[in-house]
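The values are calculated or read from the model by the stated rules, or taken from the named source; none is laboratory data. Quick caveat: nothing in here was measured; it's all calculated off a predicted structure. Ideal geometry is used to build each Cβ from the backbone, glycine not excepted, and the neighbour counts take in all protein chains shown. For accessibility, only protein heavy atoms count, side chains too; no ligands or nucleic acids. Shrake-Rupley method; radii C 1.70, N 1.55, O 1.52, S 1.80 Å.
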Amino acid sequence: AQPCFRARPKGRNGTCNKEEVPEARRAKRSSMLRNTLVVIPWILYKSRMRSRVGCRGKPFEVHDFGDKGMGVVAARDIQKGELLLREQPLFLVSQCRDSRQLDAWENEINAALRKLPEHDLQSFWNLADCHTDEKSVVGIVRTNGLPVETAEGDMVGVYPTVSRFNHSCNNNVNNSYQEEYGEVLHAIRDVAKGEELCITYIDLFMTRQERQDALRRTFNFKCACPTCLQTGQALLRSNKVRQRLQDLRSALPSAVPQRLGPRVLEKIAEHIDEELGGNAAAKAYAYHMGSQLLRDIGQSEGDLELQQQATTFAEKALAEVVVA
């Protein structure tokens with residue numbers, strides 16, 4: 001797959017300008033370095049992955065898992081990087097972070113619901129509510145809402161189909177919000193027909209107990225994905241690797257000034273390969289985080305080696321985002 005950003009030509013007519021003096025060439029290279037890093041925004045984690053769009057039929061179907069509720073399974077074999085779904089939200093509402101504001105939030109949700117056509121309204125009421133025995137508008141939004149960043153601030157979006165994708169602590173699908181398309185879902189590894197398609201609702205760099213606590217606190221369920229069902233040595237190994245990922249990510253800002261940034265980033269990628277099946281979105285975010293730190297410190301200290309490392313990891317981030 002080709003990168004989703006247009007390449008900058010090397011000269012006015014797309015050819016190299018052989019008459020450039022070394023000083024001008026270095027200045028141009030430094031300028032292009034800054035532009036490269038600016039072009040790759042922090043939303044790499046949300047992954048604008050270039051899609052392998054085929055004509056092989058719908059890639060998934062919604063399935064009833066019984067006590068687990070509704071979910072999504074692969075209707076055919078799916079390739080890594082394949083576009084699965086683009087879907088605009090039924091509506092957007094502000095995020096509610098204070099339980100004392102629930103009444104006002106309920107009023108905001110009801111106002112949004114009154115604007116929906118009957119079909120969309122029925123789709124909303126068909127969604128699950130994990131918070132109350134009797135469905136409520138607040139419970140449905142708390143169960144199914146996904147964070148959306150807009151120019152107006154942090155919002156929550158509710159989707160008729162995206163909301164059917166369950167959580168896994170080793171997800172095979174990445175979801176990202178893109179203003180033009182809404183929520184966009186891509187496969188981040190090859191998926192076999194019949195396998196459940198899952199996104200992740202939380203930060204994956206946590207031990208099992210930390211993940212379970214986060215999911216119960218926010219979504220009121222206990223995760224029973226294969227990773228969480230591990231026992232014995234397998235569980236100990238998984239917890240150790242995820243704790244190590246958490247520690248390495250926390251150490252990255254202090255590692256870069258000590259010229260240890262590249263080593264830490266490669267170790268993070270190694271652990272992601274080991275524990276998360278090479279999760280492209282997680283690696284892209286880590287590489288981009290590192291590239292930004294390397295760029296900022298390299299520019300402040302005038303260190304061209306750090307700036308070149310920043311370019312290297314920006315390219316690594318882009319390679320993960322553009323899933324080949």
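At-a-glance table
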quantity: Per-residue HN-Hα couplings for the range 144-149 [Karplus 6.51, -1.76, 1.60; θ = phi - 60°; Hz; x = Gly/Pro]; calculated: 10, x, 10, x, 9, 9
quantity: Probe 1.4 Å - accessible area at residue 219, Å² to nearest ten; calculated: 30 Å²
quantity: Under 5 Å, built H, 5+ apart or other chain: amide partners of residue 165; calculated: none
quantity: Carbon/sulfur fraction of accessible area - the range 243-324, other protein chains in place, 1.4 Å, %; calculated: 50 percent
quantity: Residue 70 long-range amide H proximity, modeled H, under 5 Å; calculated: 65
quantity: Amide proton proximity set for residue 85, modelled H, under 5 Å, gap of 5+; calculated: 185
quantity: Cross-link pairs 68/135; 58/283; 68/283; 135/222; 193/283 - those with Cα-Cα distance over 24 Å; calculated: 58/283; 68/283; 193/283
quantity: Nitroxide proxy distance, nm - points 7 Å out along Cα→Cβ at residue 233 and residue 106; calculated: 5.4 nm
quantity: Sulfur and carbon atoms: percent of accessible area, the range 63-130 [1.4 Å]; calculated: 46 percent
quantity: Phi to ³J(HN,Hα) by Karplus 6.51 cos²θ - 1.76 cosθ + 1.60 over the range 169-186, Hz, x for Gly, Pro; calculated: 7, 9, 5, 10, 10, 10, 10, 9, 9, 10, 3, 5, 10, x, 7, 10, 10, 10
quantity: Global geometry of the range 243-324, whether rounded, prolate or oblate, following the gyration tensor of its Cα atoms and the 1.5 cut on a/c; calculated: oblate
